[in-house]
Each structure stands twice: as C-alpha cells, then as structure tokens.
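Below is one structure, written out as structure tokens, with a few remarks after it.
The values are calculated or read from the model by the stated rules, or taken from the named source; none is laboratory data. Just so you know, these numbers come straight off a predicted model, no measurement behind them. When we count neighbours, we look across all protein chains shown, and the Cβ atoms used for this are built from the backbone with ideal geometry, even at glycine. Note: areas computed on protein heavy atoms with side chains; ligands, DNA, RNA excluded. Shrake-Rupley method; radii C 1.70, N 1.55, O 1.52, S 1.80 Å.
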Amino acid sequence: LEWAASSGLWRGKQTGSNDKPGFSFGLPGMDDLSVQKVLSAVAPVVPRNYVVMEVKANLLQTERKQLLSRFSADRFKRTACVVMGEPDAGFKKRQVDQVLQAKQAKADTQWRVQKSEKARKKAAEQKAKQLAE
C-alpha cells in the first residue's frame, strides 16, 4: 500500500490490520482488491523474487501449502522462514544505529535550515541598515 500512497494516490481512513490492511483509495480497481488479484495471478508466471508478507497465512500450515502450491517447484525456490523471539544483540545494535543515523540526519538538516535562516535574516538586517543610512 505504501507504493500506491507514494505514487500520489490519496488514502482515506485506514481500516483493517497491519497483516491485511484495508484498501481505501477511492479507486474501484484498488478498493475491490482487483489489482491485488491480478498481481497474485501474474506472480506465479513471472519468475522473480517474491516475499509474501501475510503473517497469519504464512503461520498456518494449510494456507502456507495452498500459497506455495501456486508457485511451481521447477521455476521457484520456495523458502519459508518464521522468525520469532528476541532478536540477537547484533541485530538490535544495527537497528539502533539506523535510528540514530536517521535522527542525526534530521537534526543536521534542521540545523542547516536554522543556520541559513539566521544568515538570511542577518543579511536582510544589514541591507535594511545600509538602506537606512
């Protein structure tokens, strides 16, 4: 859904869950899930790397088997990986580092904007002072 929103489609009130979010774009093709149905029909034919991010469906054996049966074994390497529990220290450190880098980049950008704004104001004051003389 993020790809649709970043493409400029306006998204109304969000419904559903993170696993199965509601489509509320105001476009019939998006809202009645026909785009999703087309993508799920085309995916088994086009050999690419796919990640199916449906938590409930991937955890239930019957639904996982049904989904995997659509992808032929000769064209796709089918891998299912369920990761649960506490992440290891290295993963936590990488996540913290990424968050800190994002915060630092945001703070740097704000500082540059404030610095340029101060410089602009100072230049405007000096120009006004020169005009007053």
**Request:** Whenever you get a sec, compute what percent of the accessible area on the stretch 92-133 sits on carbon and sulfur atoms (1.4 Å probe).
**Result:** 55 percent
**Label-reachable residues, the stretch 53-76, where backbone N falls under 14 Å from a point 7 Å from Met84's Cα toward its Cβ** = 55-61
**Complete:** Among Ala119, Leu131, Val46, the residue whose Cα sits farthest towards the positive end of the charge dipole of the stretch 46-133 (+1 at Cβ of Lys and Arg, -1 at Cβ of Asp and Glu, taken about the Cα centre) is Leu131
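First measure r as the distance between the Cβ atoms of Gln110 and Val55, then evaluate 1/(1 + (r/R0)^6) with R0 = 35 Å and state the FRET efficiency to the nearest 0.05.
Calculated transfer efficiency: 0.45.
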**Request:** Compute the distance in nm between two label points, each set 7 Å from the Cα along the Cα-to-Cβ direction, one at Ser34 and one at Lys122.
**Result:** 6.1 nm
**Prompt:** Among Lys93/Lys115; Lys37/Lys103; Lys37/Lys65; Lys56/Lys92, which pairs are too far apart, with a Cα-Cα distance over 30 Å?
**Reply:** Lys93/Lys115; Lys37/Lys103
**Accessible area of Ser69 in the full protein assembly, 1.4 Å probe (Å², nearest 10)** = 90 Å²
**Item:** 26 Å Cα-Cα reach of Lys121 towards lysines, excluding residues that sit fewer than 8 places from it in its own chain
**Value:** Lys106, Lys129
**Prompt:** Where does each of Lys129, Lys92 land when they are ordered by accessible area, with a 1.4 Å probe and the largest first?
**Reply:** Lys129, Lys92
**Nearest-10 value in Å² for the accessible area of Arg120, using the 1.4 Å probe** = 130 Å²
**Prompt:** Rounded to the nearest 20 Debye, what is the dipole magnitude of the stretch 76-133 about its Cα centre when Lys and Arg each give +1 and Asp and Glu each give -1 at the C-beta?
**Reply:** 200 debye
